[in-house]
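What follows is calculated from the coordinates using simple rules that are stated; it is not laboratory data. Predicted model only: the values in this text are computed from it and were never measured. Cβ: placed from backbone, ideal geometry, glycine included. Neighbour counts: every protein chain shown.
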Amino acid sequence: MSRVRDPVVAPAAVLVWAAVLLFVLYPMSRLLVLTFWNNGPTLEAVRGLLENWTHRAALVNSLLLAVLVGSAGTALGFAFALLAVRSHLPKWGERALDAVVLLPLISPPFTAAIALIFALGPRGLLSYHVFGLTNVNIYGLSGTLLSETLTYFPIAYLTLKAVLANIDATLEDSAFSLGARRWRVFATVTLPLASPGVANAFLLVSAASLADFATPLILAGTKFPVLPTQAFLQITGLYDMRGGAALCFLLLVPALAIFAGQRRWLEQRGGSFVTVTGKASAATRVKSLSPAAIASLAVICGLVVVLVLICYLIIAAASMVRGLGADNSLSLAHYAHVFSGGLKAVRDTLVIAIVCMPIGGLFAVVLGFLVARTEFPGRRALEFAAMINYALPGTIVGIAYLVAFNDPPLALTGTAFILVVCYVFRYSLAGTRATTAVLAQIDPAIEEASASLGARGDVTFRRVVLPLVRPALLAGMTVLFIRAMTAISATIFLVSLDWSLVTVRILEGITNLELGQASAFSVLVILLVYLAVVVASVAMRRLNAGSLGRAGTLLGG
Amino acid sequence: MSNAKLLKEKNLKPPASWMDLLDPAYKGQIQTADARTSGTALTRILSIYYAFGKDEDRAVDYQKKLHRNVQVYTKSGGGCTIPAALAQAMVCIAHMPDAMEAKKKGYDMVVSFPREGVAAVIEGVALVKGARNRELATKFIDWTFSKDMQDLLDKHDVYMLPTLPDASIDAAVQSLMKEAKLLPVDLEWVGKNRKRLVERWVNEVIKE
């Protein structure tokens, strides 16, 4: 592929580099300096941490939890993906499955965890009132594991669904025609073909678990400390910035390892697993699952769907009655609060989300274009650096921003600007990836034609590239909107009285006995995000964007 | 505060002493706050410390025993109120106003105080050094000490006690407070020892 060398590429690259330096590399280096420098290089902060039993336990627990959630989430995602693409589900069935499965993924934080207490706690709706169990323990490892698995298995589902759907069914058919039994076909054809996807799903879900701060805050208790929550407590509870920074470093190492593993997988994907050949393959009804297998998958997935639905029905109920469990008369009081006392948070969140969309979308497309189509020194390094804030858990990014931007010359905490910046550099990657994917399908000759007709780089970009990558721009902006509506782990360190966020109000509602208000805020966020996903997919269909409009692209982590 | 329905089910009276909470009947039924994140938890630790005649080791020892009955330490002080109100725990050790608020919402909660006594905390107000709107801030602070403002606590069901003796008090709170034995707290000592008390809680009480 010929790469563009143009007088405007250099200034564009310099601008993007400067932004990344200031808002990614600078805060991260401040974090590392705080951890490892005290009038000279030192390991005392990290050593001090490891002398504390809760922090040692947090390190071990975080890794354990990531592996367990990764495994359980991938297994569950695989079961759902098999059910969706290998069991002749009617179209509406698949849609319904998607709608429920995606619920936890688009919900604001805390919702699933809180609902789970009331569904499966000692006097839970399911555990006690349906099954008559007493003394169920929902706090600690078991509850955190369950809640995170339910929240993050949809990532595995979306990844694996795409992988399974792309496996050419004729391969399975040939195995059958050679006389193989179903189980043998599954074990020797389907599973090996899906294995890279499984590995990727495991890494994505593990990373999500490792970064999760909201679930353990509610469910882990003191018996099961984990790193992101511990770092938050160290700063907001014990006012120990250095300790918090050092905890971030402990979290940073496994997070980067997982990200590196996932990158490797993405780069190898083009290898020997390509089954989409472009040659027409026979239309075949895949029969790789026996009716019994389909039935058992349906039961497992059905139970999970029921559990998810019950959790969200509890939230919906809590938002619509006066006081759940005490006064169950219908009332719109909590919604009235959302649109009166809570209106500022709703407005702030929407303003920030909407401001983020064009800025982040444009940043994503420019970055994607620079990376995919141009040549300048440090291009690969820029590609990597721009991914750092996305790859790291939000707690680390939030604390790094707090360290870097709390004092002059760059006292930005408390402003809307810092929140926008945080989202743009954390959630633009989806748009960048979509841009490079779209550009890969477009012959550079089109841009060269524009250049040979005398257009400068910026004109070509505006009049040729931008219209072509419109779907990617839209996808990137939708992701930004969804994340800006639901994020908390980084921004909880950056909000202020002037700029509040709905997710923070949800946390406050839960801690201040306002379950009804917290639930009403949650329902509102879920509805807005659903709306955004629907609008985006309709718009994508209009633009003939194909797979970019799928939920997987918008929500797949 | 305790969930009345659960107490009745187990045929228990509301706990009336710190010692009552060690009863195995409460095993896995007590929720209270984490000392690293919650001021309420610090008040609890102080209450126990003063109730045990400032014998720190005995207070820690008691907390270790209490820990065996604790279901979970929530991150915020009032975090146990909703779970207790919805019967996920029988007892929630928290500040009195949280309990009153739950009752107001219609939850059947019983408020009780340990007879050994409890520490009370006073909400503070301070002027930030070098504040931009110093004059306005001073005015605001003066207002918080006025009867006008403190009467609002009763009017808006905040359930906190006013510091001015002539300010109006919620009737339910007033009768409730007759049962409470308030222990004098040496705030200066607390300021100097807070960090150590929390550290002992982390390293001795909850470590198991």
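Distances between placed amide hydrogens fall under 5 Å for residue A:374 paired with A:4, all partners being 5 or more residues away or on another chain.
At full extension, residue A:416 and residue A:336 could sit 26.2 nm farther apart than now, given 0.36 nm per residue minus the alpha carbon distance. Starting from the Cα gyration tensor of chain B, take the square roots of the eigenvalues, sort them a ≥ b ≥ c, and report rounded, prolate or oblate (rounded when a/c is under 1.5, otherwise prolate if a/b is larger than b/c, else oblate). Verdict is oblate for chain B.
Looking at segment B:90-157, the trypsin sites (Lys or Arg not before Pro) that sit in a DSSP loop and have at most 12 other Cβ atoms within 10 Å of their own Cβ are B:129, B:132.
If you take each beta carbon of peptide B:83-90 and count the beta carbons of other chains within 10 angstrom, what is the mean?
6
So, counting K/R as plus one and D/E as minus one, what does the shell of residues with Cβ under 11 Å around residue A:497 add up to? Within the 11 Å Cβ shell, the charges total -1. For segment A:1-111, just say rounded, prolate or oblate: build the C-alpha gyration tensor, square-root its eigenvalues into a ≥ b ≥ c, call rounded for a/c under 1.5, and beyond that prolate if a/b exceeds b/c, oblate if not. In terms of gyration-tensor shape, oblate. Contact order, relative form, for chain B: 27 percent (alpha carbon pairs under 8 Å, 6 or more residues apart, mean separation divided by residue count). Counting only DSSP beta bridges whose two residues both lie in the protein assembly as shown, roughly 40 percent are antiparallel.
Go ahead and run the numbers for FRET between residue A:344 and residue A:530, Cβ-Cβ distance against an R0 of 25 Å, rounding to 0.05. Using R0 = 25 Å, I get an efficiency of 0.60.
Largest GNM mean-square fluctuation among B:113, B:140, B:52, using chain B with Cα springs under 10 Å: B:140. Distance in nm between label sites at residue A:380 and residue A:307, each 7 Å beyond Cα in the beta-carbon direction? Taking the two extended label points, one gets 4.4 nm. Near residue A:259: Cβ cut-off under 15 Å, other residues only, Lys/Arg at +1 and Asp/Glu at -1. The net charge is +2. Entry note, chain A: relative contact order of 22 percent, from Cα contacts under 8 Å with a spacing of 6+ residues.
Per-residue ellipticity at 222 nm computed for chain A from its helices equals -22000 deg cm²/dmol, with DSSP H segments shorter than 4 residues left out and the rest contributing -39,500 (n - 2.57).
Starting from the Cα gyration tensor of the protein assembly as shown, take the square roots of the eigenvalues, sort them a ≥ b ≥ c, and report rounded, prolate or oblate (rounded when a/c is under 1.5, otherwise prolate if a/b is larger than b/c, else oblate). Write out the running numbers ahead of the final one.
Values: a/c = 2.02, a/b = 1.51, b/c = 1.34.
Since a/c reaches 1.5 and a/b is larger than b/c, the shape of the protein assembly as shown is classed as prolate.
Comparing B:140, B:109, B:119 along the charge dipole axis of segment B:98-153, the residue lying farthest to the positive side is B:140, per the Cβ-charge model.
For the protein assembly as shown, the Cys residues with no second cysteine's beta carbon closer than 4.7 Å are A:248, A:301, A:311, A:356, A:422.
Counted by neighbouring Cβ atoms within 10 Å, the residues A:128, B:159 run from fewest to most as A:128, B:159.
Take the Cα of residue B:23, step 7 Å toward its Cβ, do the same at residue A:299, and the gap between the two points is 4.4 nm. Model label points for residue B:181 and residue A:177, set 7 angstrom from Cα along the Cα-to-Cβ axis, are 9.0 nm apart.
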